[in-house]
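**Q** Below you'll find the structure I mean.
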Amino acid sequence: MILEKYKIFKYKDLFWQLTLRDIRAKYKQSILGYSWVILVPLINLTVLSIVFTFVFKVPTGPVPYPVYLFTALVPWLFMSNAIVAATGSVLANASLVTKIYLPREILPLSAIASKLVDLFLTALILGFFMLVYGVPFHATILFVPFILLTQLMLITGVSFILSASNVFYRDIEHAIGVILGVWMYLTPVVYSPDLIPANLKIFFYLNPMSGIIDAYRATILYGVIPIWPAFLYSCLFSITIFIVGLIYFRKNSKYFAEVI
Amino acid sequence: MNDNIAINLDNVSKRFKRGHKLLLKEALLDFFRPTRQEDFWALKNISFKVKKGEALGIIGTNGSGKSTVLKLIAGVLSPTKGTISVNGRIGPLIELGAGFHPELTGRENIYLNGTILGLSIKEINEKFNAIVNFSGLDDFIDTPVKHYSSGMYMRLGFSIAVHVEPDILLVDEILAVGDAGFQKKCLEKMKEFHDKGVTIIIISHSADLIKSFCKKAILINHGKIVVIDSVEKVINKYSKLIDG
């Protein structure tokens, strides 16, 4: 245990440096630079808002649809970007993996951490929208860090599995975009779970992100604490996948340097 | 482990899977094959000890397995059989500037590469000026390293690597790359480390570097130790091996 703590402490600086590198290097040589982090979600928001306000009507109660959508889009885009970055992280650092010893876990972890900055910035925009649309802030917003923690466990677990597998089967890097696209439409990001037929709801909530997105909306927009059966399932699922992912990653990371 | 021993390899073997399966299809097919014949033993039953402060040369032709030994000691690869114990901080002079990011400046890369080599931010802050001075790149330290010449790139990488203050220095054939002045600087720095009592392991396929540094050497061929002896005897044997 003491050894474990010492190790984490020892690699803390490396973790920050790798995270900083990803943040700094991402938008070099681009005119708009870091504003892309906000531009991309805003463009997505605009397009989806137009489609789902005027073409398909989504029941959202007292909350205007753009805010309803953005509350889900912000954590979704964070997850999507983090998983894509983490999946490629081991291969992107091939020169390190084959030359120098470092705990390999640090590569997907720092890739995810670098996307937390983006999450923070887009969350500020969400707050701004809520002010503009006059959506009241509720005390239940205090639950949000807990929901984020659950989501981070899910992201990290999935990323451990995908980044390790991607070293051996690079098909994953190509498939990940499509998989995330399908996953998004299985999750109530653009629509409301009220639209799901009652007899299908049980399958719908097998997707751990359904409970997480619901929980974000409930606490941020409606002042309701998370819907427990669904969110509790998401928590358990996330913890399980985190542990499974970590074990899988550790077991396979021994062979990274041989395969790359 | 004895306090006097810096590195101990005990009966180490390393197996590679030749032509590793990179496609899911191949992996699935492979699953149904009765025997896998693609295994390749890069090292077989390697045992040796290196004392603290000793300089050891490992010599062998290309493909003999000497780089694999170095990677096992560095912890990049893990042994298939046997155990390796290492006592002290390892400073790899294996690849200079590993992990440099081309878009980042020299300054940013010093911090990045320094932490990769095991320094803390605090230690880098303290050594920053020394690193820059030694590299001679004061005027270019805020320029992205993608604009560096390959010589500048290496000077910066080397300068960071030697400021890690390792207990064990692993040296690959990096010296072959730089110009004469750079090589001289490298050798001087390595001498300085040796005098300070740093354990040094050099791998090479040329006898000169090893002769100038090590008293003891190991000859490896086809993944096995041929001889461990004084550097003269080992190099004699190596010359015979190449000629014969």
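The values are calculated or read from the model by the stated rules, or taken from the named source; none is laboratory data. Bear in mind the structure is a predicted one, so any value in this text is a computation, not a measurement. All Cβ positions, even for glycine, are placed from backbone atoms using ideal geometry, and neighbour counts span all protein chains on display. Just so you know, the surface numbers come from the protein's heavy atoms only, side chains and all, with ligands and any DNA or RNA stripped out. Shrake-Rupley method; radii C 1.70, N 1.55, O 1.52, S 1.80 Å.
**Q** How far apart, in nm, are two points set 7 Å out from the Cα along the Cα-to-Cβ line at B:Ala130 and at A:Phe137?
**A** That separation, rounded to one decimal, is 4.9 nm.
**Q** When Rg is the radius of gyration of the Cα atoms in the stretch B:102-165 and Rh is its Kirkwood radius, what does Rg/Rh come to?
**A** Here Rg/Rh amounts to 0.92.
**Q** Where a Cα-Cα gap under 17 Å defines reach, which aspartates and glutamates qualify for A:Lys115, not counting those fewer than 8 residues away within the same chain?
**A** Here the aspartates and glutamates satisfying the reach criterion relative to A:Lys115 are A:Asp22, A:Glu105.
**Q** Considering only A:Ile202, A:Asn81, A:Leu221, whose Cα is most displaced toward the positive end of the charge dipole of the protein assembly as shown, charges sitting on Cβ of Lys, Arg (+1) and Asp, Glu (-1)?
**A** Positive-most Cα among the choices belongs to A:Ile202.
**Q** To the nearest 20 Debye, how big is the dipole of the stretch B:102-165 about its Cα centre, given +1 on the beta carbon of each Lys and Arg and -1 on that of each Asp and Glu?
**A** I would put it at about 120 debye.
**Q** If you line up the long axis of helix B:106-116 against the longest principal axis of chain B, both from Cα atoms, how many degrees apart are they, to the nearest 10?
**A** With both axes taken from Cα atoms, the answer is about 40 degrees.
**Q** Anything over 30 Å Cα to Cα? Flag those among B:Lys51/B:Lys185; A:Lys57/A:Lys201; A:Lys28/B:Lys66; A:Lys26/B:Lys81; A:Lys99/B:Lys224; B:Lys44/B:Lys215, in the order listed.
**A** A:Lys28/B:Lys66; A:Lys26/B:Lys81
**Q** Would you please give the residues with an amide H less than 5 Å from that of B:Ile5, counting only those at least 5 places away or on a separate chain, with H modeled from the backbone geometry?
**A** Those lying under 5 Å, H to H, from B:Ile5 are B:Lys52.
**Q** Another one. Using only Cα atoms, locate the centre of the stretch B:97-167 and the centre of the stretch A:54-79, then give the distance between them in Å, rounded to an integer.
**A** If you average the Cα positions of each part, the centres end up 47 Å apart.
**Q** If you don't mind, there's one more thing I want to ask. Please get the size of the charge dipole for the protein assembly as shown, origin at its Cα centre, with Cβ charges of +1 on Lys and Arg and -1 on Asp and Glu, quoted in debye to the nearest 20.
**A** Here the size comes out at about 1200 debye.
**Q** Once you list every other residue whose beta carbon is under 13 Å from the beta carbon of B:Lys44, what net charge do they have if Lys and Arg are +1 and Asp and Glu are -1?
**A** Once positives and negatives cancel, what remains is +3.
**Q** While we're here: Which residue, chosen from A:Gly127, A:Leu20, A:Tyr34, occupies the Cα position most advanced towards the positive end of the dipole of the protein assembly as shown, where the dipole is computed from +1 (Lys, Arg) and -1 (Asp, Glu) charges on Cβ about the Cα centre?
**A** A:Leu20
**Q** Quick check: Cα centre of the stretch B:186-214 to Cα centre of the stretch A:100-120, how many Å?
**A** After rounding, the separation between the Cα centres reads 36 Å.
**Q** Can you give the Rg to Rh ratio for the stretch A:2-259, taking only C-alpha atoms and Rh from Kirkwood?
**A** 0.98
**Q** Compactness ratio of the stretch A:210-250: Cα Rg over 2.2 N^0.38 Å, N = residue count?
**A** Dividing the Cα radius of gyration by 2.2 N^0.38 Å gives 1.43.
**Q** Leaving ligands and nucleic acids out of the surface, order B:His101, A:His174, B:His147 by accessible area at 1.4 Å, largest first.
**A** From most accessible down to least: A:His174, B:His147, B:His101.
**Q** Now a separate question. Diagonalise the Cα gyration tensor of the stretch A:133-197 and give the resulting equivalent ellipsoid semi-axes, square root of 5 times each eigenvalue, largest first, whole Å.
**A** Rounded to whole Å, the semi-axes are 31, 18, 9.
**Q** Let me ask another. Could you compute how fast the protein assembly as shown diffuses translationally, taking Rh as the Kirkwood radius over C-alpha pairs and applying Stokes-Einstein at 25 °C with viscosity 0.890 mPa s? Give it in µm² per second.
**A** Using the Kirkwood radius from Cα pairs, D works out to 95 µm²/s.
**Q** If you put +1 on each Lys and Arg Cβ and -1 on each Asp and Glu Cβ, how big is the dipole of chain A around its Cα centre, in Debye rounded to 20?
**A** 620 debye
**Q** Taking θ as phi - 60°, what are the ³J(HN,Hα) couplings along the stretch B:154-166 by the Karplus curve (6.51, -1.76, 1.60), each to the nearest whole Hz, with x for Gly and Pro?
**A** Per-residue couplings from phi come out as 5, 4, 5, x, 5, 4, 5, 4, 7, 8, 6, 6, x Hz.
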